Amino acid sequence: MTIPLVQLWLPILVAAVFVFVASSLVHMVLKWHASDYRGFANEDEVLAVIRKGNPTPGIHMLPYCEDMKDLAKPEMLAKFRAGPTGKFILRAGAEPGMGKPLLQWFVLCLVISVFCAYLGAHTLAAGSAFALVFRVIGTAAFMAYGFGAFIQGIWWGQPWGAVAKDALDGILYALATAAAFAWLWPR
């Protein structure tokens, strides 16, 4: 028998809060991602050159190919060989602030918790054993929080050390989600 999703509102909310707190600890206390980011020694010059090009916010590629067929052209291959290559995400200038991204992150945590609840409600019975709920919900949560890290490594060139740390974050968030659901699963 399917558990109505409304019965899982408390584990959904608690899981999202647990993940939000865990991610805050990871980024503000443990700071194990600090070494993932680098600056340019000539940052002011780099910023001046970028501003001069007046790019719009978005994803910019270096070198840029408008069509995959361009990759066969000798001049394009020479640019790739000479390097560096990269993808830059540019945003419009603004005062730094964490309010909007933190709200978006919490909403994402809620959405992931809702999908975990949906999966659990359709695969687990009320009164399921703690370990079973933990395993099913934890697996689903890791797929949501952890697999994206590998996409970043494969397609975006994120260093594999940073990918490993992001995947470890995903494991921590999955454990937090699984614990909340297993603890509060309907009896």
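The values are calculated or read from the model by the stated rules, or taken from the named source; none is laboratory data. These numbers were taken from a predicted model, which means no experiment stands behind them. Heads up, the Cβs are rebuilt from the backbone with ideal geometry, glycines too, and the neighbour counts pull from every protein chain shown. These area figures cover heavy atoms from the full protein model, side chains too; ligands, DNA and RNA do not enter into them. Shrake-Rupley method; radii C 1.70, N 1.55, O 1.52, S 1.80 Å.
For residue 101, the conditions (1) surrounded by 12 or more Cβ atoms within 10 Å (Cβ to Cβ); (2) without any contact (Cβ under 8 Å) to a residue 12 or more places away in the chain; (3) within 21 Å of the chain's Cα centre (by Cα) are fulfilled apart from (1).
Could you tell me whether residue 71 is touching a Leu at 6+ places or on another chain (Cβ under 9 Å), at pLDDT 95 or above and of a type outside the set (Phe, Trp, Tyr)?
On the way: touching a Leu at 6+ places or on another chain (Cβ under 9 Å): yes; at pLDDT 95 or above: no; of a type outside the set (Phe, Trp, Tyr): yes.
Answer is no for this residue.
For segment 24-33, the condition of being more than 23 Å from residue 161 (Cα to Cα), out of contact with any Ser or Thr (no Cβ under 8 Å at 6 or more places or on another chain) and assigned to a helix (DSSP H, G or I) holds for none of the residues.
The single condition among (1) in contact with a Phe, Trp or Tyr (Cβ under 8 Å, 6 or more places away or on another chain); (2) closer than 27 Å to residue 38 by Cα; (3) modelled with pLDDT of 95 or more that residue 99 does not meet is (1).
State yes or no: is residue 162 modelled with pLDDT of 95 or more, open to solvent by less than 50 Å² (accessible area, probe 1.4 Å) and of a type in the set (A, V, I, L, M, F, W, C)? So residue 162 passes the test. Considering only residues that are over 17 Å from residue 123 (Cα atoms), of a type outside the set (Gly, Ala, Ser) and touching a helix residue (DSSP H, G or I) at 6+ places or on another chain (Cβ under 7 Å), which ones fall in segment 1-15? Of everything in segment 1-15, those that are over 17 Å from residue 123 (Cα atoms), of a type outside the set (Gly, Ala, Ser) and touching a helix residue (DSSP H, G or I) at 6+ places or on another chain (Cβ under 7 Å) turn out to be 10, 14.
Could you tell me whether any residue of segment 106-122 is open to solvent by 90 Å² or more (accessible area, probe 1.4 Å), closer than 30 Å to residue 183 by Cβ and without any contact (Cβ under 8 Å) to a residue 60 or more places away in the chain? Scanning segment 106-122 turns up at least one residue that is open to solvent by 90 Å² or more (accessible area, probe 1.4 Å), closer than 30 Å to residue 183 by Cβ and without any contact (Cβ under 8 Å) to a residue 60 or more places away in the chain. When segment 34-51 is filtered for residues that are assigned to a loop (DSSP other than H, G, I, E, B) and either aliphatic (A, V, I, L, M) or touching a residue at least 12 places away in the same chain (Cβ under 8 Å) (or both), only 41 remains. Taken over segment 128-153, the residue count meeting the criterion of being touching a residue at least 60 places away in the same chain (Cβ under 8 Å) and within 9 Å of the chain's Cα centre (by Cα) is 1.
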